[in-house]
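Each remark here refers to the structure printed beneath this line.
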Amino acid sequence: MASALLLPSASSTSCCSRKIHAAIQVPKLPRLSFSVPKIPKRNLGEELNIRDGFINTTPVEKFNVIDDRSHSSSTNVTIQLYAILEAVADRVEMHANIGEQRDNWNTLLLNSINMIILTAATMAGVAATGGIGMPLLALKLSSTLLYSAATGMLLIMNKIQPSQLAEEQRNATRLFKQLQSQIQTMLAIGTPTQEDVKEVMEKVLALDKAYPLPLLGAMLEKFPAKFEPAVWWPKNQVLQKKNFSHEGKQCNNGWNEELEMEMREIIKVVERKDIEDYVRLGNLALKINKTLAISGPLLTGIAAFGSAFIGNGSWAPIVAVAAGALASTVNAFEHGVQVGMVIEMYRNCGGFFQLLQESIEATLEEKDLEKRENGELFEMKVAMKLGRSLTKLRELARKSASSRVDEFASKLF
């Protein structure tokens, strides 16, 4: 009975097992193979060109080579400009230090020579009042030696003109600072090229030539036959061609016939009024300085000759004392008023107006308007250099056109 009870259970289990097996068996599907075409890989630039209907057949690597070369060239130009900038900064410091030193020369030599002359005149006067024997000889000899020393020192001082040397170095310092600022602007907002490097180098060398540092062999002539304005720029680089930044492209690069006529009238005023006046004043100051430079040593020489004959006549002490007093006055006027510095100031002012004139003329001679500096920017620069507003500058040009100019072009100096 137990087996009877077990059999139905076994058969029931077998039946369930068959049913489950039948339920989970799935017929195998045949394998299907699909061939998917490979999509070529493109970068973003090629994909955009294809979408726009253009097929770029130039390999990308070529552009990379060109970009690398351009970047390398730009980097090299920038490095060269920074090297020049360091040299210019060094020159600024050198000219400032030497200018201060030569200004000290003027003060020290002026005071020393005047003290020597006045001491010699005092000794000559004392010797004339009643010196006898050895005291008279000592006073005469001392006075003669002091006058002779003053004569030699005056000859050297008048030859080098320390006040003019100091003014030269002050002008050189200012102009090198100006060039330094131009290089910094070029590096900040411009795209410098190898041509810019060459141009800056020539400007540095032109300044070195115009304002030399050494005295022996390179010092500027202090008494030329004719007064001439200073020239501190390369003659072939007065045309400004760099337009660093302009919003939108202007018609004719900002130039028109009215602006060109305005610039031509400004040139006429600068040439007739400012340059002519500074040349006249420079020639006058040069003549005065030549007269004073000769008179000082001549008077001290006469005083030395007179002091040597004190005791041999009544005229000798008068000549020694009077010539000494006059020599001291002449020396104080020449180097105390700093006539040499005034001459150099006139040279620099004349050079400033000559540079302005040449830059305007060179700009107007350039027929290609795109190669010129932007017209509006150029007009603004001219107005600022002359110390005028744009309205006053145009008014001056109108006066010049109607021949009613009764003023100088510059309001600064």
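Across the cross-link table entries LYS268/LYS371; LYS209/LYS399; LYS177/LYS411; LYS235/LYS367; LYS287/LYS381, which are compared at the Cα atoms, the separations over 30 Å belong to LYS209/LYS399; LYS287/LYS381. Here's the picture: a label point sits 7 Å out from the Cα of LEU220 along the beta-carbon direction, and within region 269-285 the residues with their amide nitrogen under 16 Å of it are 278-285.
Given a Förster distance of 30 angstrom, what is the FRET efficiency for GLN182 paired with LEU108, based on the Cβ-Cβ distance and rounded to 0.05?
FRET efficiency, GLN182 to LEU108: 0.25.
Ignoring ligands, DNA and RNA, please state the percent of accessible area on region 271-413 from carbon and sulfur, probe 1.4 Å.
Answer for region 271-413 is 63 percent, counting heavy atoms of protein chains only.
For region 100-214, the carbon plus sulfur part of the accessible surface works out to 67%, probe radius 1.4 Å.
If I stretch the segment between THR78 and THR122 completely, what's the gain in nm (0.36 nm per residue apart, minus their alpha carbon distance), one decimal?
9.2 nm
From the Cα gyration tensor of region 332-413, with a ≥ b ≥ c the square roots of its eigenvalues, which class applies: rounded if a/c is under 1.5, or else prolate if a/b is larger than b/c, or else oblate?
Values: a/c = 2.80, a/b = 1.78, b/c = 1.57.
Here region 332-413 falls in the prolate category.
The values are calculated or read from the model by the stated rules, or taken from the named source; none is laboratory data. Worth saying up front: this structure is predicted, and the values here are computed from it rather than measured. Virtual Cβ from ideal backbone geometry, glycine too; neighbours counted across all protein chains shown. Ligands, DNA and RNA are excluded from the accessible area calculation, which covers all protein heavy atoms including side chains. Shrake-Rupley method; radii C 1.70, N 1.55, O 1.52, S 1.80 Å.
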